[in-house]
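Asks: Got a structure here, written out as structure tokens. Questions coming.
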Amino acid sequence: MPAGYEYHLDYRVIDAAAWDHVSLVDMETNLEEASQLPNDLRGAVEYLDLSESLSLQVSYVGALQLAPWYERLIDRGVRGSVIYAPNEEIYEVASTIIATCSMVGGGLPDGYRLSRTPIALRNMHHYLDQGAITNELPSARVA
């Protein structure tokens, strides 16, 4: 599977990455595993690095299927998600996923941010707290 994650307790960040050609099944599997982490996830932030992804094969209907997995993360106390997507095509697909999950599931408590530049794990909470910046999608609170 071209996706994986690691929980960084020191930073309270679920550090996930996806590479190569990423499918809906890859995303679902990764979110399912992350939602079952044995750690206390209250206040944690998910960071998804898509910089090594060649494609993100998730349609609008597929994004609807991801919403329940984000709801499980919300139930576990995850406060928000930051997605790093430097590639234009992948950025647009990630935007669709975020907008869909926000509309269907009500969104993560502190929202989603979409970035074209990498964010250091130690800065993840601060970055999420910054809210809207110039490259955000206003309707989905994405950066």
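Asks: As a footprinting exposure proxy, order L9, L64 by other Cβ within 10 Å, with the fewest listed first.
Replies: L9, L64
Asks: Among bridges DSSP assigns within segment 3-140, what percent are antiparallel (round to 5)?
Replies: Beta bridges within segment 3-140, antiparallel portion: roughly 25 percent.
Asks: Next question, about the same structure. Compute the distance from the alpha-carbon center of segment 54-72 to that of segment 82-105, in whole Å.
Replies: For segment 54-72 versus segment 82-105, the Cα centre distance is 9 Å.
Asks: Only counting other Cβ atoms within 10 Å, I'd like L41, L24, L48 sorted with the fewest neighbours first.
Replies: L24, L41, L48
Asks: Suppose a student asked you for the relative contact order of segment 11-128, using Cα pairs under 8 Å spaced at least 6 residues apart; what percent would you report?
Replies: So the answer I get is 30 percent.
Asks: Specify which labelled value, from (1) 1.06; (2) 0.98; (3) 0.91, agrees with Rg/Rh (Cα atoms, Kirkwood Rh) derived from the coordinates of the model shown.
Replies: Read-out taken from this structure: (3).
Asks: Then there is this: Expressed in nm to one decimal, what extension gain is obtained for the pair R122 and E89 from 0.36 nm per residue of sequence separation less their Cα-Cα distance?
Replies: Result for the pair: 9.1 nm of gain on full extension.
Asks: Right, another one. Please report R113, R42 as a ranked list, fewest other C-beta atoms within 10 angstrom at the top and most at the bottom.
Replies: Placing the least packed residue first, the sequence is R42, R113.
Asks: What is the calculated FRET efficiency for R42 to Q130, with r their C-beta to C-beta distance and R₀ = 22 Å, to the nearest 0.05?
Replies: The calculated FRET efficiency here is 0.55.
Asks: Dipole size in debye (nearest 20) for segment 3-140 around its Cα centre, Lys and Arg Cβ +1, Asp and Glu Cβ -1?
Replies: Charge dipole, segment 3-140, about its Cα centre: 420 debye, nearest 20.
Asks: Then there's this: Rounded to the nearest 0.05, what FRET efficiency do M103 and W19 have when you use their Cβ-Cβ distance and R0 = 22 Å?
Replies: 0.20
Asks: Also, quick follow-up: What is the spin-label model distance, in nm, from Y60 to D10 if the labels are put 7 Å beyond Cα along the C-beta direction?
Replies: Computed distance between label sites Y60 and D10 equals 4.4 nm.
Asks: Please report the relative contact order for segment 40-106, taking Cα pairs under 8 Å with a sequence separation of at least 6, and give it as a percent rounded to a whole number.
Replies: It rounds to 51 percent for segment 40-106.
FYI, it's all coordinate maths here, none of it is from the lab. A quick note: this is a predicted structure, and the numbers were derived from the prediction, not measured. Neighbour counts are summed over all protein chains in view; Cβ atoms, including those assigned to glycine, are modelled from backbone coordinates with ideal geometry.
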